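Asks: For reference, the structure I am asking about is given below.
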Amino acid sequence: MSQPVASREAALRIAYAAHALNHLDLKVFVNALADRYGLPLTETRLAQITVEDLREMLAGDHAEENCIVGVEPEALKAVIRLFKGEGVEGSDLPAIEAYTEGDLPRSIRVALASNHSELLDGHFGSCERFLIYQVSTEDIRLIAVRDALGTDQAEDRNAARAALVADCQIIYLQSIGGPAAAKVVRAGVHPITAPSGGVAREVLADLQNSLQTPPPWLAHVMGVPAASLAKYETELSLVGA
């Protein structure tokens, strides 16, 4: 599998930044960023770049000569804001919703493999990001968007990707290979394949409807008694009374 140059979101931010830098040649800019920060270029990596990093990169071989790069300091700061996603129109990243641990009692955490907006449209090993939701019977809340392309340089990419979602109980994917699925399960996450994909919140709404009276597999994930076995648990309690 060929390594992507940049995530879609990172490519958009870089294009805006090149325009802000006096219409700097985009290909030259991408090559400079890749040489300094490696591939793939992701929104996570761009967000870590500082004004001084940018100044030194633009200065090139003259970086030690007071870094005079022909760009005003305010313009450099504006580029850094673009790298962080501020003021970028057409951004594909969905907005994160406020969440504090304990906000949604009896909720579960669910990851979805995604490449675009709030869609379940990714393969575990190649998706650009994981959307992380907290799901209860009352609410579905997007609490994080985690860059998955940043794992591509890991010694074991599948293990690195599994670690990204290890705090989740369930992960939805369009597809996943057997060895990767084993690592996800080993991380304590239950993988669910949905080959046709779909809108994330519609997929999660079906899951949400099952939380009130969970089937055995979901009850196991949630750590609660299965609804189908509840009556037997009640009868056992009466017998022991």
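Asks: Just checking, how many residues over region 144-159 are under 18 Å from Tyr37 (Cα atoms) and either buried (at least 18 other Cβ atoms within 10 Å of the Cβ) or touching a Leu at 6+ places or on another chain (Cβ under 9 Å) (or both)? Walk me through it before giving the result.
Replies: Within region 144-159, the first condition is being under 18 Å from Tyr37 (Cα atoms), and the residues that meet it are 147-155.
Filter again for either buried (at least 18 other Cβ atoms within 10 Å of the Cβ) or touching a Leu at 6+ places or on another chain (Cβ under 9 Å) (or both), leaving 147-153.
Number satisfying all stated conditions: 7.
Asks: Filter region 156-185 down to residues that are over 22 Å from Val135 (Cβ atoms) and without any contact (Cβ under 8 Å) to a residue 40 or more places away in the chain, then give me how many there are.
Replies: Counting residues in region 156-185 that are over 22 Å from Val135 (Cβ atoms) and without any contact (Cβ under 8 Å) to a residue 40 or more places away in the chain gives 9.
Asks: Say whether the condition of being assigned to a strand (DSSP E or B) and either among the charged types (D, E, K, R) or surrounded by 13 or more Cβ atoms within 10 Å (Cβ to Cβ) (or both) is met by at least one residue in region 40-51. Spell out the reasoning first.
Replies: Initial filter on region 40-51 (assigned to a strand (DSSP E or B)): 41.
Then keep just the ones that are either among the charged types (D, E, K, R) or surrounded by 13 or more Cβ atoms within 10 Å (Cβ to Cβ) (or both); that gives 41.
Yes, there is a match, as at least one residue in region 40-51 is assigned to a strand (DSSP E or B) and either among the charged types (D, E, K, R) or surrounded by 13 or more Cβ atoms within 10 Å (Cβ to Cβ) (or both).
Asks: Within the bounds of region 115-125, is there any residue that is over 23 Å from Leu207 (Cα atoms) and either among the β-branched types (Val, Ile, Thr) or in contact (Cβ under 8 Å) with a residue 40 or more places away in the chain (or both)?
Replies: The first filter runs over region 115-125 and keeps only residues over 23 Å from Leu207 (Cα atoms), leaving 125.
Narrowing the set further to residues that are either among the β-branched types (Val, Ile, Thr) or in contact (Cβ under 8 Å) with a residue 40 or more places away in the chain (or both) leaves 125.
Among the residues of region 115-125, at least one is over 23 Å from Leu207 (Cα atoms) and either among the β-branched types (Val, Ile, Thr) or in contact (Cβ under 8 Å) with a residue 40 or more places away in the chain (or both), which makes the answer yes.
Asks: Looking at Asp35, is it charged (D, E, K, R) and at pLDDT 90 or above? Quick ask: steps written out before the conclusion?
Replies: Numbers: charged (D, E, K, R): yes; at pLDDT 90 or above: yes.
The answer is yes for Asp35.
Asks: Can you report the number of residues in region 100-109 which are outside any strand (DSSP E or B) and either under 23 Å from Thr42 (Cβ atoms) or not hydroxyl-bearing (Ser, Thr, Tyr) (or both)? Reasoning before the result, please.
Replies: Of region 100-109, the ones outside any strand (DSSP E or B) are 100-107.
Next, only the ones that are either under 23 Å from Thr42 (Cβ atoms) or not hydroxyl-bearing (Ser, Thr, Tyr) (or both) stay: 101-106.
Total meeting the criteria: 6.
Asks: Go through (1) surrounded by fewer than 17 Cβ atoms within 10 Å (Cβ to Cβ); (2) among the polar types (S, T, N, Q); (3) under 17 Å from the mean Cα position of the chain (by Cα) for Asn22 and report which single condition fails.
Replies: Going through the list (1) surrounded by fewer than 17 Cβ atoms within 10 Å (Cβ to Cβ); (2) among the polar types (S, T, N, Q); (3) under 17 Å from the mean Cα position of the chain (by Cα), Asn22 breaks only (3).
Asks: Please find, within region 1-19, the residue that is surrounded by the fewest Cβ atoms within 10 Å (Cβ to Cβ) out of those that are of a type in the set (A, V, I, L, M, F, W, C) and either in a loop (DSSP other than H, G, I, E, B) or in contact with a Pro (Cβ under 8 Å, 6 or more places away or on another chain) (or both). Reasoning before the result, please.
Replies: Going residue by residue through region 1-19, those that are of a type in the set (A, V, I, L, M, F, W, C) are 1, 5-6, 10-12, 14-15, 17-18.
Of the ones still in play, those that are also either in a loop (DSSP other than H, G, I, E, B) or in contact with a Pro (Cβ under 8 Å, 6 or more places away or on another chain) (or both) are 1, 5-6, 10.
Details: Met1: 8, Val5: 15, Ala6: 23, Ala10: 26.
In this case the residue turns out to be Met1.
Asks: For a quick check of your reading of the model, give me the residue pairs whose first member lies in region 74-90 and is touching a residue at least 24 places away in the same chain (Cβ under 8 Å), whose second is surrounded by 15 or more Cβ atoms within 10 Å (Cβ to Cβ) and of a type in the set (Phe, Trp, Tyr), with beta-carbon atoms closer than 7 Å and at least 6 apart or on different chains.
Replies: Filtered contacts from region 74-90: Leu82/Tyr16; Val88/Tyr16.
Asks: Given the structure, is Ala95 under 15 Å from the mean Cα position of the chain (by Cα), in a helix (DSSP H, G or I) and not assigned by TED's automatic domain parsing to the domain that holds Glu43? Even if it seems obvious, please write down each step before you answer.
Replies: Numbers: under 15 Å from the mean Cα position of the chain (by Cα): yes; in a helix (DSSP H, G or I): no; not assigned by TED's automatic domain parsing to the domain that holds Glu43: yes.
Answer is no for this residue.
Asks: State which residue is nearest to the chain's Cα centre (by Cα) when the search covers only region 189-241 and only residues that are modelled with pLDDT of 95 or more and of a type in the set (Ser, Thr, Tyr).
Replies: Per the criteria, the residue is Thr193.
Asks: Shifting gears a bit: From the list Gln153, Gln208, exactly one residue is in contact (Cβ under 8 Å) with a residue 40 or more places away in the chain and within 20 Å of Thr42 (Cα to Cα). Which is it?
Replies: On the way: Gln208 fails: within 20 Å of Thr42 (Cα to Cα).
Being in contact (Cβ under 8 Å) with a residue 40 or more places away in the chain and within 20 Å of Thr42 (Cα to Cα) holds for just one of Gln153, Gln208, which is Gln153.
Asks: Next question, about the same structure. Would you mind stating whether Ala75 is of a type in the set (A, V, I, L, M, F, W, C), within 21 Å of the chain's Cα centre (by Cα) and either at pLDDT below 95 or under 26 Å from Ser196 (Cβ atoms) (or both)?
Replies: On the way: of a type in the set (A, V, I, L, M, F, W, C): yes; within 21 Å of the chain's Cα centre (by Cα): no; either at pLDDT below 95 or under 26 Å from Ser196 (Cβ atoms) (or both): yes.
No, not satisfied.
The values are calculated or read from the model by the stated rules, or taken from the named source; none is laboratory data. For clarity, every value in this text was computed on a predicted model and none was experimentally measured. Note that each Cβ is placed from the backbone with ideal geometry, even for glycine, and that neighbours are counted across all protein chains shown.
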